[in-house]
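To start, the structure itself, in structure tokens.
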Amino acid sequence: MLIRQVISKIVLLGVLLFLEACSAQSQLVEDEAQTVTKENLRYYLYYPEEYFEKPDEDFGLLLFLHGGGESGRELLHVKKNGPPKLLAEGKQFPFLILAPQNPHQKKWWNTQAVNQLLDSIVDTNRVDKKRIYLTGLSRGGSAAWEMATQYPTKFAAMAVVCGMAPVPYAHWIDKNMPIWVFHGDKDETISVEESDKMVEKLKEMNYDVIYTRYENVGHNAWDNAYTTDSLYTWMAKQKRIN
């Protein structure tokens, strides 16, 4: 009798374990869902004077991505730094400038939304698709690196100022796109090593890279970078070959 009870308990335990396993397996469901992410992007769009004087001509376009300090605030804060600041001070550029605003104060740029905005601006204006340029500072510099890896055939040239760099994905960037990197060696927000390692990696792979490493300059390397007139003449000369 005792043996039968033991056997019965063993069988019962086995059945319970089997049922439990079946129950766990039955909760694994295969399905799919289509998600849609919407973003409200306010922006400035600058047109050079020649755009209206030469209605049959296509122009280049520079996409500028600002830093974290201008995110989630009034749109006018975008004019604090970079090309929008220079425009507000009266500087003229030979190409259009698109300067969107990240609506989230404490979130990264939604680069997919930025790319959709860029495409819509290009499609509704006289923009030469072989002369689209990319630049960004700090958080916007990080987003510029991201866009260069995610949309490698879109841009003719890129300038990144003190951005975090995706070194493991450096090889995703189009080898035909020239790059200019700026960083201050005293940057305590985003270490200069971010740019050091990225530039080193790109040069190892024979990419066309210029590196301006400022001595005794902190995080605000953009003050020097965007007042470098040769940056814009260099950029305006670039054109995609495919």
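The values are calculated or read from the model by the stated rules, or taken from the named source; none is laboratory data. A quick note: this is a predicted structure, and the numbers were derived from the prediction, not measured. Every residue, glycine as well, gets a Cβ built from its backbone with ideal geometry; the counts of neighbours run over all protein chains shown. Just the protein is used for accessible areas: all its heavy atoms, side chains included, with ligands, DNA and RNA removed. Shrake-Rupley method; radii C 1.70, N 1.55, O 1.52, S 1.80 Å.
Using +1 at the Cβ of each Lys and Arg and -1 at the Cβ of each Asp and Glu in the chain, identify which of TRP172, VAL78, TYR51 lies farthest towards the dipole's positive end. Most positive-ward Cα: TRP172. Across the protein chains, with a 1.4 Å probe defining accessible surface, the residues ASP187, ASP119 rank ASP119, ASP187 from largest area downward. Multiplying the residue separation of LYS175 and SER230 by 0.36 nm and removing their Cα-Cα distance gives an extension gain of 17.6 nm. Which is farthest toward the positive dipole end of the chain among TYR214, ASN224, MET198, measuring Cα position about the Cα centre, with Cβ charges +1 (Lys, Arg) and -1 (Asp, Glu)? Comparing the listed Cα positions along the dipole, MET198 ranks first.
Principal axis extents of the C-alpha atoms in the stretch 184-242 (largest first, rounded to whole Å): 39, 28, 15. Measuring nothing but how far apart in sequence close Cα pairs (under 8 Å, 6+ apart) lie, relative to its length, the stretch 158-226 scores a relative contact order of 41 percent. Both numbers refer to the Cα atoms of the stretch 65-199; Rg and Dmax are 14.5, 42 Å.
What does the helix-only formula give at 222 nm for the chain: each DSSP H stretch with n ≥ 4 adding -39500 (n - 2.57), the total divided by the residues, and the result rounded to the nearest 500 deg cm²/dmol? Walk me through the intermediate numbers first.
Working: 8 runs with 87 residues, N = 242.
Per the formula, -11000 deg cm²/dmol.
Under 5 Å between amide hydrogens, built in the peptide plane, is the criterion, and for GLY60 it picks out LEU96, ASP128 among residues at least 5 positions away or on other chains. Taking the 0 to 90 degree range and rounding to the nearest ten, how far is the long axis of helix 139-150 tilted relative to the main principal axis of the chain, both from C-alpha atoms? Computed tilt is about 70 degrees.
Per residue, the stretch 68-144 exposes 42 Å² of solvent-accessible protein surface, assessed with a 1.4 angstrom probe and all protein chains in place. Between the helical axis of 2-26 and the longest alpha-carbon principal axis of the chain there is an angle of about 20 degrees.
Taking every protein chain into account, the 1.4 Å probe leaves ASP123 with about 110 Å² of accessible area, to the nearest ten. Measure off, as a whole percent, the carbon and sulfur share of the 1.4 Å-probe accessible area of the chain, all protein chains present. Percent of accessible area from carbon and sulfur atoms in the chain: 51. Using every pair of separate Cα atoms, the Kirkwood estimate puts the hydrodynamic radius of the stretch 106-148 at 11.3 angstrom.
Near PHE155, once Lys and Arg are set to +1 and Asp and Glu to -1 for all other residues with Cβ below 15 Å from its Cβ, the sum equals +3.
Can you give the relative contact order of the chain as a percent, counting alpha carbon pairs under 8 Å and 6+ residues apart?
17 percent
Listed options for Cα Rg over 2.2 N^0.38 Å are (i) 1.04; (ii) 1.46; (iii) 1.00. The value calculated from this structure is the one marked (ii).
What number of lysine-lysine pairs in the stretch 97-204 show an alpha-carbon separation below 14 angstrom, given a sequence spacing of 8 or more or placement on distinct chains?
Close lysine pairs found across the stretch 97-204: 5.
Size descriptors for the stretch 48-96 (Cα atoms only): Rg and Dmax, in that order, 13.0, 39 Å.
Annotation: the antiparallel percentage among DSSP beta bridges lying fully within the chain is about 15.
Loop only by DSSP, 15 or fewer other Cβ within 10 Å of the Cβ. Give me the trypsin sites (Lys or Arg not before Pro) in the stretch 188-241 that pass, ordered by residue number. Those that pass, being in a loop and sparsely packed, are LYS237, LYS239.
Using only alpha carbon pairs under 8 Å that are at least six residues apart, calculate the relative contact order of the stretch 24-103 and give it in whole percent.
Numbers: 90 pairs, mean separation 36.1, N = 80.
Once normalised by length, the contact order is 45 percent.
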